[in-house]
Amino acid sequence: MPHFLIEGNRRLKGEVCVQGAKNSILSILAATVLCSGQCIIHNCPDILDVDFSIEILKYLGGFVYREGKSIIVNMENIKRYDIPDRLMKEMRSSIIFLGAIISRLKKAQVSLPGGCQLGPRPIDFHLEALKNMGVQIHEDGVRLFCIVKEKLQGTKIVLPFPSVGATENIILAATLASGETILENAAREPEIEDLIRFLNLCGAKIKGAGTSKIAIKGVPKLTGAEYKIIPDRIAAATYMAAGAITGGEVLVRNISRIHLNEIVKVLKMCKCGIIMSGENLLIKAPERLTPIKKLKTAVYPGFPTDMQALILSMMTVAKGKSSFEENVFSDRYKYTKELLKMGAQIYVNGKNAIVEGVEQLHAADMAATDLRGGAALVLAGLKAQGISSIRRLRHIDRGYEKLEENLSGLGAKIKRIS
Ligand code: UD1
């Protein structure tokens, strides 16, 4: 079984260039389903979730060609309106193809999506919104059969919670609908702004990107466009955390400063020095990190739930006690069980976790439980004394491009055993 071997206790030093944003490219690839012209997307990360999205596009009848970090897509001759169960199960964001397919073809057939197991991840907000736009949905317990008689109708939708996926699905469905859709309590994540910028370049009429009220005026058709996606803020935070946990000095290139405000604040609390200049960020970590009193995850612009595992992993070796409150997903501490094998002191109680920093972690055999939880184990392995192994790399490969190569470039001893 493929696994990482990590010889820890080495201070990382050097430079790393951040990949394009996973959560942008996934929604933008789904958006190409709406386009009747060629799309060229730059800065695309080479990760498993992108491979799955490309498979979906090809299955639907699209032309997709990859050249380095660019992906060329032409969905002019889209033929199919269903997504095979296997591809739906591979990743959570397969569900946002639903809004795009139903909008373009007036019918769609999908099953419930897979992805990281972070507690129940229902899609009720997505389906309720589509029903309000005129989609008839029939479920047989496994698959969803969706059809719209005439055209999707713009309407007012108020989300019960600012869900990222539901916001994207509604935007995709509303772009080619009749009339205007007003979406309130929308998610404000930068990747949604990225999606909207791309759609507007293709001829969509969407206002309010980055705010909680988005207005989408339906247009009859979209063209294609050439677009470069934003840097991945979670991957950037991962390399910053790798520098921090190892007491290192890491220059992270190709970042978007404005998207890293929350992580920078937290790293400064841990007494890391941070210097930002243009699209670069230098982190200089102390020998031992100062703990964080309380870190609460929240929707954007709050502290991202995707960075919770990274910071918690850092705090296992901080000089004292830290506490965490996870407010987005109900079961996002699964990976902590693996960290306990390394001698970490972590006490989880529902959405709260307390971490008592220890002086040294020791190597252990671990398995990734989900994407960011897997990255948290890698961080701990970089710090631990001895050689750790981490299995179930598929979780990590879904979202990180060349993680081991990038960490090796910083002086880590990490090897993938195939
Ligand atoms: C997206 C991101 C993921 C990130 C998460 C929160 C992608 C591909 N994934 O996931 O990396 O961790 O946002 O920032 O962009 N919910 C419902 N009903 C719904 C939809 C959501 O109850 O119909 C709940 C979820 O169970 C969860 C919360 O809303 O508790 C937030 O989920 P959501 O924002 O939808 O996350 P994803 O889009 O799945």
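The values are calculated or read from the model by the stated rules, or taken from the named source; none is laboratory data. Computed from a predicted structure; not experimentally measured. Counting neighbours? That spans all protein chains shown, and the Cβs are built from the backbone with ideal geometry, glycine included.
Consider GLN109 against the criteria (1) surrounded by 22 or more Cβ atoms within 10 Å (Cβ to Cβ); (2) part of a strand (DSSP E or B); (3) not β-branched (Val, Ile, Thr): it satisfies all of them except one. Which criterion is unmet?
That leaves (1) as the condition not met.
What helices (runs of 4 or more DSSP H) completely inside segment 362-418 contain at least 2 residues that are at pLDDT 95 or above and of a type in the set (Asp, Glu)?
403-409
Would you be able to tell me the number of residues in segment 329-351 that are touching an Asp or Glu at 6+ places or on another chain (Cβ under 9 Å), buried (at least 22 other Cβ atoms within 10 Å of the Cβ) and either β-branched (Val, Ile, Thr) or in contact (Cβ under 8 Å) with a residue 40 or more places away in the chain (or both)?
Looking only at that region, the number is 2.
Can you say whether SER103 is touching a residue at least 24 places away in the same chain (Cβ under 8 Å), away from the ligand (no atom under 16 Å from the Cβ), more than 30 Å from LYS351 (Cα to Cα) and in a helix (DSSP H, G or I), as far as the supplied structure shows? Spell out the reasoning first.
Numbers: touching a residue at least 24 places away in the same chain (Cβ under 8 Å): yes; away from the ligand (no atom under 16 Å from the Cβ): yes; more than 30 Å from LYS351 (Cα to Cα): yes; in a helix (DSSP H, G or I): yes.
It is true that SER103 is touching a residue at least 24 places away in the same chain (Cβ under 8 Å), away from the ligand (no atom under 16 Å from the Cβ), more than 30 Å from LYS351 (Cα to Cα) and in a helix (DSSP H, G or I).
Looking at GLU184, GLU191, GLU180 in this structure, which one is of a type in the set (Asp, Glu), modelled with pLDDT of 95 or more and buried (at least 23 other Cβ atoms within 10 Å of the Cβ)?
None of the other options fit; the residue is GLU191.
Name the residue, out of ILE78, ILE96, ILE71, that is closer than 26 Å to GLY218 by Cα and outside any loop (DSSP other than H, G, I, E, B).
ILE96
Quick one: in segment 318-360, which of the residues that are in contact with a helix residue (DSSP H, G or I) (Cβ under 8 Å, 6 or more places away or on another chain) and in a helix (DSSP H, G or I) is farthest from ASN261 (Cα to Cα)?
Residue satisfying both the conditions and the ranking: GLU338.
Quick one: in segment 258-301, which of the residues that are of a type in the set (A, V, I, L, M) and assigned to a helix (DSSP H, G or I) is nearest to CYS17 (Cα to Cα)?
Within segment 258-301, the match that is nearest to CYS17 (Cα to Cα) is LEU260.
Identify the residue in segment 125-151 that is modelled with pLDDT of 95 or more, away from the ligand (no atom under 16 Å from the Cβ) and not in a strand (DSSP E or B) and, among all such residues, is surrounded by the most Cβ atoms within 10 Å (Cβ to Cβ).
VAL148
How about segment 303-317: which of its residues are within 13 Å of the chain's Cα centre (by Cα), in a helix (DSSP H, G or I) and not polar (S, T, N, Q)?
Those that are within 13 Å of the chain's Cα centre (by Cα), in a helix (DSSP H, G or I) and not polar (S, T, N, Q): ASP306, MET307.
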